[in-house]
Amino acid sequence: MRPTQLRVALFSGNYNYTRDGANQALNLLVRHLLDHGVAVRIYSPTTARPAFAPTGDLVPVPAIPLPGGRDEYRVARYLPAATRADLEAFAPNIVHVSAPEFLNHGAVSWARRHGVPSVASFHTRFETYFRYYRIGFVEPVIKAIMTRFYNRVDRVMPPSPSMGALLREWGVTTPITIWSRGIDHDRFRPDRRSLAWRRSLGIADHEVAIGFLGRLVKEKGLDVFADVVKELTRRGVPHKVLVVGKGPAQDWFAAQAPGAIFAGFQSGDDLGRAVASMDVFFNPSITETFGNVTTEAMAAGVPVVAARATGAVDLVEDGVTGFLVEPTDVAGYADAIARIVADPALRAAMAEAGVDRAAAYRWDTANQAVLDTYLDLHADG
């Protein structure tokens, strides 16, 4: 089979209405597929004011706001009859699902009934989210549901080897192919650094900026980040905290990290400038399956201190491009950051090593692995 013979139905819980790493990857994948002549139709909840224009043909799916104080997200409760009719008219020969949600469950069931190969990409460690909202006791149940979901498809595509190993530990037996991620190397590079921009935010040239990049939601490890900042302050380690991004937990985080500088949401070359203007990138999140922001920081020449967890362990070479620390070890994080702050030569060496390591991450290469997987499934059939 040739790429031009493929007809891919892609299901997403959030394709473009709220910007995140998962839907950025999906939109870049669709662009790659369209450029290679693949027919693609996307099914996802939508809103009247999406965060960005979708890549490809997007079919809106009826959905309700997600309960529990996270109504910026929407959830489709099932595969509606109108959506199913559109899907059958499109007649896909690949069904690609991107999250273990009700809509995606329905899509997998449809694919199984019609003998259509199905692929599930893995973007988010949803099972970890509940511990941040004081209902962590449901985590084993969520793991079981996710394991069953990924065992119903023909191929699972996590973004990193560590995430693939974790799926095996859960009991996922479906064949696994890695769908890695890429970097916009024109946007994220060391020469985007701007001392003038830093000064405009109140960061002096000699001051070390510890950066956060991402949506301001508690599951990104904001509690640990705040505790580490307090520990650095207690120790007298000189630093400034630079926060790039926005989200529902911003007010909470600002109260926990007084003195932090909030640069707000940044995009395009402004985002590249913001990342390169950091001196240390701190990512204590354990919910990452890959860590796009980590590779972007490395490409921009910024040393990384990250949780020793899925994603980061595949990206950060401990002691070379940054430091890996046990996820809740506040003192360990403070030790690592303090060491980088105190040693400009170490900071420069880690920056250079990070740029070199990040050079291997290319979107064309990563997305071609998905297209090859689609073709392999038809060759196997």
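The values are calculated or read from the model by the stated rules, or taken from the named source; none is laboratory data. From a predicted model like this one, the values you see are computed outputs, not experimental measurements. Positions of Cβ are backbone-derived with ideal geometry, glycine not excepted, and every protein chain shown enters the neighbour counts. Quick note on the areas: whole protein, heavy atoms, side chains included, nothing else; ligands and nucleic acids left out. Shrake-Rupley method; radii C 1.70, N 1.55, O 1.52, S 1.80 Å.
Give the accessible surface of the chain per residue, rounded to a whole number of Å², with probe radius 1.4 Å and ligands, DNA and RNA excluded. Display every interim value, and only then the final one.
Numbers: 15610 Å² over 381 residues.
The answer is 41 Å² per residue.
What's the extension gain from TRP252 to ASP191 if we count 0.36 nm per residue and subtract their Cα-Cα distance?
Values: separation 61, 0.36 × 61 = 21.96 nm, distance 3.33 nm.
That pair, TRP252 and ASP191, stretches by 18.6 nm at full extension.
Ratio to report: Rg/Rh of segment 1-159, with Cα atoms as the point set and Rh obtained by the Kirkwood method; give two decimals. Mind dumping the intermediate values first?
Numbers: Rg = 15.4 Å, Rh = 16.1 Å.
In segment 1-159, Rg relative to Rh is 0.95.
Along Cα→Cβ, 7 Å out, is where each label goes; now give me the distance between the ones at ALA331 and ALA359 in nm to one decimal.
Placing both labels 7 Å beyond Cα along the Cβ direction yields 4.0 nm.
Could you give the length gained by full extension between PHE265 and GLU139, i.e. 0.36 nm per residue of separation minus their alpha carbon distance, to one decimal place?
Details: separation 126, 0.36 × 126 = 45.36 nm, distance 3.11 nm.
42.3 nm is the gain from fully extending PHE265 to GLU139.
Which value, in debye to the nearest 20, gives the size of the charge dipole of the chain about its Cα centre, when Lys and Arg are +1 and Asp and Glu are -1 at the Cβ? Write out the running numbers ahead of the final one.
Numbers: 41 positive and 40 negative charges, 167 e Å.
That gives the chain a dipole magnitude of about 800 debye.
How large is the Kirkwood hydrodynamic radius of the chain, in angstrom, based on all distinct alpha carbon pairs? Can you show the working numbers first?
On the way: mean 1/r = 0.0465 Å⁻¹.
By the Kirkwood definition, the hydrodynamic radius is 21.5 Å.
Any idea which of HIS96, ILE42, VAL61 is furthest toward the positive side of the dipole for segment 1-148, if Lys and Arg beta-carbons carry +1 and Asp and Glu beta-carbons -1?
HIS96
In whole Hz, what ³J(HN,Hα) sequence does segment 243-254 give by Karplus (6.51, -1.76, 1.60; θ = phi - 60°), x for Gly and Pro?
10, 10, x, 8, x, x, 9, 4, 4, 4, 5, 4
Probe radius 1.4 Å, ligands and nucleic acids ignored: give me the carbon and sulfur share of the accessible area of the chain as a rounded percent. List each step's numbers first, then the result.
On the way: 8120 of 15610 Å².
Carbon and sulfur together cover 52 percent of it.
Taking R0 as 22 Å, what FRET efficiency do you get between ARG112 and THR47 from their Cβ-Cβ distance, rounded to the nearest 0.05? The partial results should precede the final answer.
Values: r = 30 Å, r/R0 = 1.38.
Using R0 = 22 Å, I get an efficiency of 0.15.
Identify, among ALA366, GLY301, ALA331, the residue whose Cα sits farthest towards the positive end of the charge dipole of segment 252-381, taking +1 on the Cβ of Lys and Arg and -1 on the Cβ of Asp and Glu, with the dipole about the Cα centre.
Positive-end residue among those listed: ALA331.
Roughly what would the spin-label model give for LEU34 and ARG7, points 7 Å off Cα along C-beta, in nm?
Placing both labels 7 Å beyond Cα along the Cβ direction yields 1.9 nm.
Let me know the charge dipole size of segment 74-170 about its Cα centre in debye, to the nearest 20, where only the beta-carbon of Lys, Arg (+1) and Asp, Glu (-1) is charged.
Numbers: 13 positive and 7 negative charges, 42 e Å.
With Lys and Arg at +1 and Asp and Glu at -1, about 200 debye.
Please state the Cα pair-distance histogram of segment 321-368 with 10 angstrom bins from zero: what percent is in each bin?
24, 35, 28, 13, 0
Anyone know which of ILE176, ILE64, ILE340 comes out most mobile in the 10 Å Cα GNM of the chain?
Taking springs between Cα atoms under 10 Å, the residue moving most is ILE64.
Taking R0 as 35 Å, what's the FRET efficiency between ALA342 and SER200 from their Cβ-Cβ distance, rounded to 0.05?
Using R0 = 35 Å, I get an efficiency of 0.85.
Only four residue types carry charge here, +1 at the Cβ of Lys and Arg and -1 at the Cβ of Asp and Glu. Report the dipole size of segment 286-381 about the Cα centre in Debye, rounded to the nearest 20. Present the calculation step by step, with values, prior to reporting the outcome.
Working: 5 positive and 15 negative charges, 65 e Å.
Roughly 320 debye for segment 286-381.
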